[in-house]
Amino acid sequence: MRIIAGANRGLKLVDVGGGDIEARLRPTSDRVRESLFNVLNGGAFERPIENANVLDLFAGTGALGLEALSRGARFASFVDNGRVSQKLLRENIRLARRQDQTRVLKCEASSLPEAQEPCSLVFLDPPYGQDLGGAALVSAAAKGWLAEDALIVWEESKPVLAPNGFQRIDTRKYGGTHITFLRYGG
């Protein structure tokens, strides 16, 4: 696993092998991450990564948020309550030298604290098939984490339905991974 592009291009992140089933770690592959960021940078969406405030829910290793920082995001908040995830996440932030641009929250994604600042770009990569994403988005909205018109990138094993207050705008399939793009509000 590595950072694909930007200031940290080529940086090798901490290896978790095929993932950690017990810790619910299933890292987004380099290929899927590259395709996802090509879509984000391709002009299909109005919210560029550049200067974005990013929320990475179910962050795991932090690869999605760190990729966004490498490509010009201003700040990233990572949320994961797993012991293994926290260790990997902190090590990857250290490797990328992004301590000053990150905050790590150890809590359930559906029980977020109040936000200090809303985020315009949200990565949501819950454990597949456990129906955790919708509750996390509702919590993020209620606690002020989502800027009006925020772009949500939801990775799941199947296309997802948009919760109330969100609009589905696109879905892409990469092997067994479905990426659903949502817009908050409006």
Filter the stretch 47-67 down to the residues that are more than 10 Å from the chain's Cα centre (by Cα) and not β-branched (Val, Ile, Thr) and list them by number. 47, 48, 50, 51, 52, 53
For the stretch 91-108, check the following and say yes or no: at least one residue is over 25 Å from residue 50 (Cβ atoms) and within 14 Å of the chain's Cα centre (by Cα). no
Any idea which of (1) aliphatic (A, V, I, L, M); (2) crowded, with 19+ Cβ neighbours inside 10 Å; (3) at pLDDT 95 or above is the one residue 109 doesn't satisfy? (3)
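Please enumerate the residues belonging to the stretch 86-106 that are out of contact with any Leu (no Cβ under 8 Å at 6 or more places or on another chain) and either under 18 Å from residue 11 (Cα atoms) or surrounded by fewer than 17 Cβ atoms within 10 Å (Cβ to Cβ) (or both).
Going through the stretch 86-106, the residues out of contact with any Leu (no Cβ under 8 Å at 6 or more places or on another chain) turn out to be 86-87, 89-91, 94, 97, 99-100, 103, 106.
Answer for the stretch 86-106, where residues must be out of contact with any Leu (no Cβ under 8 Å at 6 or more places or on another chain) and either under 18 Å from residue 11 (Cα atoms) or surrounded by fewer than 17 Cβ atoms within 10 Å (Cβ to Cβ) (or both): 87, 89, 90, 91, 94, 97, 99, 100, 103, 106.
The values are calculated or read from the model by the stated rules, or taken from the named source; none is laboratory data. Everything numeric in this text was worked out from a predicted model, so none of it was measured. With ideal geometry, Cβ positions are generated from the backbone for all residues, glycine too; neighbour counts draw on all protein chains shown.
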